[in-house]
Amino acid sequence: MTISAYANKIDLNGCVISINLKPALTQQQLDTRLQRDFTQFSNKDLVNGLSKLLPQNLICFIIKECCLSANAKVNSITSQQRKRICDTIQQLQFKIIGLDSIDNAVVTSGGVDVKQINPTTMQSKVISNLYFCGEIIDVDALTGGFNMQIAFSTGYVAGRSLSSSPTSAYKV
């Protein structure tokens, strides 16, 4: 999510990002964990053998990335294939090829320039009696609720300012 916020500001096309899905485990710890799970699920299909380690919706993707069959029996997985699974889980790589459409956006940016807004009232400096709040304002924040805080805080200030405005046609 954080990388997405910067993707339209700098050219990331062609860059490769690497994600560690199990950062709390060393390579050896992950391999030991995988061996333990494989022992428990030795006669099951690989897709089921990874069920305690990974979220269900990620398992088939990881198996495909490893060029393995989801239906392969766990007891037939070689140590080299197991190492490939560990490597993929701890170094899942994606090549950035561009931005998706706005219809699929989770992270967006842009909006009314903060230089055009009075920060003590949230009123437009360009159009009288026009107030802004929330994500209409060009303010980016890191993930973790900061955008919600910006929305609540600017909404509060805009609402208070609008309700006390002598030219306001509406009361909030």
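All conditions but one from (1) exposed (fewer than 12 other Cβ atoms within 10 Å of the Cβ); (2) assigned by TED's automatic domain parsing to the domain that holds Y156; (3) part of a loop (DSSP other than H, G, I, E, B) apply to K115; the one that does not is (3). Evaluated against (1) over 29 Å from the mean Cα position of the chain (by Cα); (2) on the phi < 0 side of the Ramachandran plot; (3) modelled with pLDDT under 95, K73 falls short on exactly one condition, (3). Which of the residues that make up segment 13-62 are under 14 Å from L92 (Cα atoms) and in contact with a Lys or Arg (Cβ under 6 Å, 6 or more places away or on another chain)? Selection gives V16 alone.
Which one of T108, T26, T32 is hydroxyl-bearing (S, T, Y), free of Cβ contacts under 8 Å to residues at least 60 places away in the same chain and within 30 Å of R160 (Cα to Cα)?
Of T108, T26, T32, the one residue that is hydroxyl-bearing (S, T, Y), free of Cβ contacts under 8 Å to residues at least 60 places away in the same chain and within 30 Å of R160 (Cα to Cα) is T108.
Checking each residue in segment 99-112 for being within 17 Å of K9 (Cα to Cα), loosely packed, with under 13 Cβ neighbours inside 10 Å and among the polar types (S, T, N, Q) picks out S101, T108.
Quick one: is K22 modelled with pLDDT under 95, basic (K, R) and either assigned to a loop (DSSP other than H, G, I, E, B) or under 19 Å from R82 (Cβ atoms) (or both)? For K22, the condition - modelled with pLDDT under 95, basic (K, R) and either assigned to a loop (DSSP other than H, G, I, E, B) or under 19 Å from R82 (Cβ atoms) (or both) - is not met.
Listed here are the residues, each with its yes/no results for (1) over 15 Å from N20 (Cα atoms); (2) in a helix (DSSP H, G or I).
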residue: L53; (1), (2): no, no
residue: F61; (1), (2): no, yes
residue: K64; (1), (2): yes, yes
residue: S69; (1), (2): yes, no
residue: Q81; (1), (2): yes, yes
residue: T88; (1), (2): no, yes
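Rundown of residues vs (1) out of contact with any strand residue (DSSP E or B) (no Cβ under 8 Å at 6 or more places or on another chain); (2) part of a loop (DSSP other than H, G, I, E, B); (3) basic (K, R), yes/no style:
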site	(1), (2), (3)
D100	yes, yes, no
D103	yes, no, no
V106	yes, yes, no
T121	no, yes, no
N129	no, yes, no
V139	yes, yes, no
M148	yes, no, no
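Picking from residues in segment 118-130 that are farther than 12 Å from G159 by Cα and not polar (S, T, N, Q), the one that is surrounded by the most Cβ atoms within 10 Å (Cβ to Cβ) is K125. Does K52 satisfy the criteria of being without any contact (Cβ under 8 Å) to a residue 24 or more places away in the chain and in contact with an Asp or Glu (Cβ under 8 Å, 6 or more places away or on another chain)? It is true that K52 is without any contact (Cβ under 8 Å) to a residue 24 or more places away in the chain and in contact with an Asp or Glu (Cβ under 8 Å, 6 or more places away or on another chain). Residues being within 29 Å of C15 (Cβ to Cβ), out of contact with any Leu (no Cβ under 8 Å at 6 or more places or on another chain) and of a type in the set (A, V, I, L, M, F, W, C) are entirely absent from segment 115-131.
The values are calculated or read from the model by the stated rules, or taken from the named source; none is laboratory data. Owing to the predicted nature of the structure, the values given are computational and were not obtained by experimental measurement. Here the Cβ is made from the backbone with ideal geometry for all residues, glycine too, and neighbour counts use every protein chain on show.
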